[in-house]
1. Scan Thr163, Thr155 and give me the residue that is at pLDDT 95 or above and surrounded by 18 or more Cβ atoms within 10 Å (Cβ to Cβ).
2. Restricting the search to segment 196-254, which residues are hydroxyl-bearing (Ser, Thr, Tyr), at pLDDT 85 or above and within 15 Å of the chain's Cα centre (by Cα)?
3. Residue check, Arg555 against (1) surrounded by 17 or more Cβ atoms within 10 Å (Cβ to Cβ); (2) assigned to a helix (DSSP H, G or I); (3) under 32 Å from the mean Cα position of the chain (by Cα), all met but one. Which one?
4. Condition (residue is basic (Lys, Arg), surrounded by fewer than 19 Cβ atoms within 10 Å (Cβ to Cβ) and assigned to a helix (DSSP H, G or I)) applied to segment 276-291: is it met by at least one residue?
5. Is it true that Phe154 is part of a loop (DSSP other than H, G, I, E, B), of a type in the set (Phe, Trp, Tyr), more than 15 Å from Ala477 (Cα to Cα) and more than 22 Å from the chain's Cα centre (by Cα)?
6. Taking the condition assigned to a loop (DSSP other than H, G, I, E, B), more than 30 Å from His350 (Cα to Cα) and touching a helix residue (DSSP H, G or I) at 6+ places or on another chain (Cβ under 9 Å), does Pro199 pass?
7. Could you grab me the full set of residues in segment 232-275 that are among the basic types (Lys, Arg) and surrounded by 15 or more Cβ atoms within 10 Å (Cβ to Cβ)?
8. Based on this model, can you work out whether Leu356 counts as aliphatic (A, V, I, L, M), modelled with pLDDT of 90 or more, in contact with a Phe, Trp or Tyr (Cβ under 9 Å, 6 or more places away or on another chain) and closer than 17 Å to Ser517 by Cβ?
Amino acid sequence: MENNFSDKENSQDISSGSEVSANLRETQNFEDGDLTGNGEDFNDDALGEEGKKHGLKGALTEDEKDASLEAKKYVSKKELWMYGLAAGGQGMIYAIMSSYISEFYLNVAMLPPMFVFWLMLIARVLDAAYDPFIGAIMDKNELKGGKYKSYVLFTAIPIAVLTFLMFFVPKNISMKGLMAYSAVTYVLWGMVYSISDVPFWCLPNVITPNASERGHLISFSRLLNGIGSAVPMAMYMLFSLILPFMTKKTGTELDKIQYMVIALFCAIVGGAIFITSHFTTKERVVLPKSPKKEKSEDSSFKRVMKCKPLMLVVLMGILASGRYLVQVAAIHVARYSFYVGPSLEGLDAHAVDAALRASRGLVSTVFMVCSAAGMFGAMLFLPKLYKKFNYKQIVIVSCLLGFASSILMAVLGWFVSFWACVPFIIISAIPLGVINVTSYAMIGDALDYMEWETGKREPALGSATQTFVNQFSNAIATSLIVLMYLALSIDPAGIIQESGIFNPLEMSKKIRFGMFSLVSILPGVSMLLCTIPVFFYDIVGKKKNKIMKELEEKRIEKGITFEEE
């Protein structure tokens, strides 16, 4: 029997290589597609001059097509797959942290919510600020094993170890000791991960100089990265069902075992797959050393800040930070908002714990699977949309669709039932796939614009820009979760001390709907807000092709070379 919000309170009833020059452009001529929902193409005249100016017209004309599709290709199928699989391994490691660490700290380790809030906010903001500096350092230094891929080699093992340690609670440790332990492991993990993530997602920029091929490499690896991120979610569901029958432990003690096993698996397997990218990829694009900086010349950071298109994409990413809530808050919603399962009346304590654990695993998995379906579905369909519409059009329309769907999800979840809102979870996740892929392309185009305008190209700093957006957005999303705990006065330790279990049926409607709003209303509002800066992004159509053509000529003059093997 499922839990229905409309019943009485005690009734039972869901990362970087950003300098991607024209990412995922597989030509821009699509057969009979539309984004209007009525089977008709956008009408240029109906949009007016302002709409045309900002790139909101319909199908692209012949002179707006991407010429890089006919250029020489460099990446073999083996290299494509190996880089993609490495991205999948990285996804396993990042997902166990991003999707479950706040839940683990609050409801398993029982750390004070205020401490968790400040730890996550400060650490993630510092990580975000740290990334551009990492990128700048990498751009200026050469390593023997590869300018960028060498970092993968010496960071993979530390990341794996720290991933496990984050989900391990030492025995007989005091609360102050646990707080210090958690702070050290969490901050160290973020620092080491940044040193690994920035160069890894910079690799596509030096693996191939072909814009469309680079876009395909990025889209394929992002897809496998997403598939890898589903592994810890599937394991959580599996262990929620089988662990109660393998041990007599219940409650938080069983939760500790569950998270520790998942973290250990993702750390070992994900780390082993991730490190292979060092041995199976080749950096072909060799950039000449930059001449000594003139005193009057802008610094790298100043050039980035002056690049208006880039700053618009950064602002878009920050305003869209609520999109992460569908995935990172799913487990919190499963713990506090919904119960789906048989009646709990007449069951002993162990059976009640097993039923609640199974419900928690099912609800969180439904959110994860539905959001993954919407996200991956969008990612798979994007190449076709790119043939017909520009990035701006796709982002704006998908985000408006996500906003409407999120509001419907909230209404149906409150007045009808959990299962009634499932289709809208899928639709509301479409912007996740669109932004997660298209933002890389938009940043790549913005960096091409910066190079075209200033003559400077710094791949790792560009990659760090996207990583900065991801880290900062994740910090906002995670902080919103903890703030909801504080706003609703949720005290996990007090709940366990009083009743021994987390039972959604015993929570007030205020708590249940408040937590549910984390995956419905808040992401919807975020999607609506992020469309504002996108409207002013103008690296589309003829302007973009003009930039790419002139850049190609300038690169040849500067002596930028491409190694064949």
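1. Details: Thr155 fails: at pLDDT 95 or above.
Result of the check over Thr163, Thr155: Thr163.
2. Let us first name the residues in segment 196-254 that are hydroxyl-bearing (Ser, Thr, Tyr), namely 196, 208, 212, 219, 221, 229, 236, 240, 247, 250, 252.
Now drop any that are not at pLDDT 85 or above, which leaves 196, 221, 229, 236, 240.
Scanning segment 196-254 gives Ser221, Ser229.
3. Condition not satisfied by Arg555: (3).
4. Going residue by residue through segment 276-291, those that are basic (Lys, Arg) are 282, 284, 289.
Going one step further and asking which of them are surrounded by fewer than 19 Cβ atoms within 10 Å (Cβ to Cβ), we end up with 282, 284, 289.
Those still in the list that are assigned to a helix (DSSP H, G or I) too: none.
Checking segment 276-291: not a single residue is basic (Lys, Arg), surrounded by fewer than 19 Cβ atoms within 10 Å (Cβ to Cβ) and assigned to a helix (DSSP H, G or I).
5. Working: part of a loop (DSSP other than H, G, I, E, B): no; of a type in the set (Phe, Trp, Tyr): yes; more than 15 Å from Ala477 (Cα to Cα): yes; more than 22 Å from the chain's Cα centre (by Cα): yes.
Criteria not met by Phe154.
6. Working: assigned to a loop (DSSP other than H, G, I, E, B): no; more than 30 Å from His350 (Cα to Cα): yes; touching a helix residue (DSSP H, G or I) at 6+ places or on another chain (Cβ under 9 Å): yes.
In short, no.
7. Of segment 232-275, the ones among the basic types (Lys, Arg) are 248-249, 256.
Residues satisfying the conditions are Lys249, Lys256.
8. Numbers: aliphatic (A, V, I, L, M): yes; modelled with pLDDT of 90 or more: yes; in contact with a Phe, Trp or Tyr (Cβ under 9 Å, 6 or more places away or on another chain): yes; closer than 17 Å to Ser517 by Cβ: no.
Considered against the rule, which asks whether it is aliphatic (A, V, I, L, M), modelled with pLDDT of 90 or more, in contact with a Phe, Trp or Tyr (Cβ under 9 Å, 6 or more places away or on another chain) and closer than 17 Å to Ser517 by Cβ, Leu356 comes out as no.
The values are calculated or read from the model by the stated rules, or taken from the named source; none is laboratory data. Please read these numbers as outputs of a predicted model, since none were measured by experiment. Neighbour counts run over all protein chains shown; Cβ positions are idealised from the backbone, glycine included.
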